[in-house]
Amino acid sequence: MPKATVAAIITPENGNPDLILLTKRSIRPFQGHWCLPGGHIDDYETAEDAVVREVMEETGLLFAEPAFLYFFNELFPEYHFHAVALAFFGIGKGSTRLMPDEVEEIAWFSLEEAMTMPLAFNHVKIVQHYATHRKL
């Protein structure tokens, strides 16, 4: 049975939509890879509440006004991983705080740079979709 997950495209408080926040994973799968903050939706939790919680847990930021972007299938049999990722975008408020249990590094990247990186899961597709559709 697939899991339901969330992924957050976070732009800075100053309103620059061409910068996004990525985290480097310190856990498997994809340990050591950059990715969008996110994770599993807990039992009886809404997707919106899950993305706000995951962003806070992984970055220390308040994910303000998350807007739904699109869904993405994530099928990785080699990791025994099957999920449907619900992607959201919004503004990160506050200061980043490293959470070493799951994240070993946090950094801002331009959209252009992020789209060329070997991101974990299907996060390159999510970033590409955001870059194409955010201005519609």
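We did not get these values from a lab; they are worked out from the coordinates using the rules stated. Since the model is a prediction, treat every value here as computed from it, not as a measurement. Quick reminder, even Gly has a Cβ in these numbers, built from the backbone with ideal geometry, and neighbours come from all protein chains shown.
Amide H of residue 69 versus every other amide H placed in the peptide plane: which residues, excluding those fewer than 5 positions away on the same chain, fall under 5 Å?
The list, which skips near neighbours in sequence, is 87, 88, 89.
Roughly how many whole Å is it from the C-alpha centroid of region 1-28 to that of region 111-129?
10 Å
Among 88, 121, rank each residue by its count of other Cβ atoms within 10 Å, from fewest to most, as a rough exposure measure.
121, 88
Using θ = phi - 60° and the Karplus form 6.51 cos²θ - 1.76 cosθ + 1.60, what ³J(HN,Hα) does each residue of region 64-77 get, whole Hz, x for Gly and Pro?
With the stated coefficients, region 64-77 comes to 7, 6, x, 10, 5, 9, 5, 9, 9, 7, 10, 10, 9, x Hz.
Once phi is turned into ³J(HN,Hα) by the Karplus curve 6.51 cos²θ - 1.76 cosθ + 1.60 with θ = phi - 60°, what whole-Hz value does each residue of region 110-118 show in order, with x for glycine and proline?
Computed from phi, the couplings for region 110-118 are 5, 4, 4, 5, 4, 6, 9, 7, x Hz.
Fewest first, what order do 110, 95 take by the number of other Cβ atoms within 10 Å?
95, 110
When the dipole is taken about the Cα centre of the chain, and only Lys, Arg (+1) and Asp, Glu (-1) are charged at their Cβ, what size is it in debye, to the nearest 20?
320 debye
Rounded to the nearest 5, what % of the DSSP beta bridges within region 3-133 are antiparallel ones?
75 percent
Can you list the aspartates and glutamates whose alpha carbon sits under 20 Å from that of residue 3, skipping same-chain ones fewer than 8 residues off?
42, 43, 45, 48, 49, 54, 57, 58, 74, 78, 102
For a quick size check, give me the Cα extents of the chain along its three principal axes, largest first, whole Å.
Extents along the principal axes, in whole Å: 39, 30, 29.
Would you pull out the residues with amide H under 5 Å of residue 60's amide H, same chain only if 5 or more places away, H placed 1.01 Å from N?
97
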